[in-house]
Amino acid sequence: MRDLPAKVVEVVSRLLRGDRREWGAAMTAELAQLSDRPARWRFAVGCAWAVLVAPAHPGAYAPGVAIRVTFVAGVVGCIAATAYVVTTWPHAAGEISGVTAAWFVAALAAYLWIALRPPNALVAHGDAARRGATVGIVLFLVGAIGRSVIDAFVPPDGDLAIGVFLTVSVGGTLLATAFATARARQSFGAGVTASLWVALVCSILAFSADLLAILSGFNLDAHMRHSMPDYYTVVTPDAFMSRHIGEHLATSMDGLRTLPVLALIIGSMGAALGRRRSVSRDTG
Amino acid sequence: MPRTRRPSAQTLAVLQALSQQPRDWRYGYDLCLELNLKAGSMYPILMRLADRDLLATVWETDAGAGRPPRHLYRLTRSGMDLVAELKAQSARGRRVGLDLRTEGA
């Protein structure tokens with residue numbers, strides 16, 4: 001029966017890694033035995049979940065269930081929240097360029113791909129990937145708390161302080177993680193991998209949090225109006241809100257791709273330093 | 001190499017179901033119905049058991065016309081050994097999350 005549940009199982013089965021493909025075929029064959037439509041749907045949804053939480057094959061690394069669910073939920077949340085923002089405040093969409101929107105779609109697709117079928121380059125160093133993902137969660141939490149503290153204690157011109165704080169904390173974390181991992185594993189690739197996972201996990205969490213902040217109106221606080229009095233007086237509140245949201249959304253979208261690129265650059269430097277230290281320590 | 005971590009309650013239930021008639025091959029969906037487990041729980045468990053050589057898998061050779069062959073499962077010797085070990089633990093009064101003592105009694 002070639003109905004929607006069959007297509008769901010077929011599509012999710014393709015997301016399984018090569019060494020797991022036979023399980024996709026097994027689920028497809030089981031579904032073919034079912035004729036009751038609700039039962040087919042229940043089974044298809046179960047199969048989709050099974051693919052999402054499928055254990056890593058022995059010897060291979062795959063993101064843990066928590067990471068995968070975070071990535072997928074983050075991507076779904078990003079799509080839903082973005083759709084809500086641009087339909088609720090149509091002017092906001094005008095602030096997002098075609099290039100930014102295209103990058104955004106590509107980034108979300110890449111995040112989904114990484115969650116379900118991470119490329120070998122990202123999973124070759126299992127411990128490093130795990131360590132990086134953990135550091136990414138910690139970095140996100142530290143960043144969120146730090147921003148809240150600065151917002152609370154350094155109004156109304158706290159943007160510079162937040163910028164400095166994020167630059168130092170993010171850059172420092174990427175560098176330190178790559179350095180420490182490369183040194184511990186005596187591997188340049190492990191250091192870069194760890195740094196990339198820091199960025200991937202942190203950026204999807206940060207983007208989701210940013211969207212929540214936009215939707216809750218948190219960012220339209222007093223200091224923004226204070227810092228743009230001329231602008232605010234010549235536009236209507238709706239237009240201000242739309243433009244502010246649009247700009248913020250575009251910045252958040254840029255962050256989804258900027259942070260991984262930064263991680264690649266900074267992580268390479270940190271990993272090179274760490275590898276060099278480990279080599280000199282071994283030979284010294 | 002099999003991990004020494006104790007299986008989850010759901011995994012224990014699957015092991016118990018498969019050990020009741022260890023020579024019979026079972027279908028995944030039938031196991032789901034028997035144990036009231038969703039496919040999203042059942043298949044990751046089956047994958048883990050197979051990865052640890054506790055579960056043997058084969059493809060059906062006499063599938064009906066127009067239907068793809070189904071995957072069949074039964075415990076391996078290692079799987080049976082694990083079930084026996086869990087039963088022994090249970091008999092010694094240690095909680096394993098599932099009462100395996102009465103089985104076969």
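The values are calculated or read from the model by the stated rules, or taken from the named source; none is laboratory data. Since this is a predicted model, take the numbers as computed values, not measurements. Here the Cβ positions follow ideal geometry from the backbone for every residue, glycine too, while neighbour counts run over all protein chains shown.
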*asked:* One residue is enough: does the range B:59-75 have a residue meeting the conditions away from every other protein chain (no Cβ under 13 Å) and in contact (Cβ under 8 Å) with a residue 24 or more places away in the chain?
replied: yes
Result of the Cβ filter at 6 Å on the range B:24-38, keeping first residues that are under 13 Å from B:Arg70 (Cα atoms) and partners that are assigned to a loop (DSSP other than H, G, I, E, B), at least 6 apart or interchain, is B:Tyr27/B:Arg70
Of the residues in the range B:20-34, those that are away from chain A (no Cβ under 12 Å) and in contact with a Lys or Arg (Cβ under 9 Å, 6 or more places away or on another chain) number 6
Query raised in the report: Hey, any hits in the range A:68-75 for a residue that's within 10 Å of another protein chain (Cβ to nearest Cβ) and at pLDDT 80 or above?
Result: no
Of the residues in the range B:65-88, those that are in a loop (DSSP other than H, G, I, E, B) and crowded, with 17+ Cβ neighbours inside 10 Å come to B:Pro68, B:Arg70, B:Thr76
Looking across the range B:35-52 at residues that are surrounded by 15 or more Cβ atoms within 10 Å (Cβ to Cβ) and in a loop (DSSP other than H, G, I, E, B), the single one that is nearest to the other protein chains (Cβ to nearest Cβ) is B:Lys38
Matching residues in the range A:21-53 (within 25 Å of the chain's Cα centre (by Cα), facing another protein chain (nearest Cβ under 7 Å) and modelled with pLDDT of 80 or more) number 4
Exactly one of A:Phe240, A:Phe218, A:Phe207 is in a loop (DSSP other than H, G, I, E, B) and either at pLDDT 60 or above or closer than 17 Å to A:Gly143 by Cα (or both), and that residue is A:Phe218
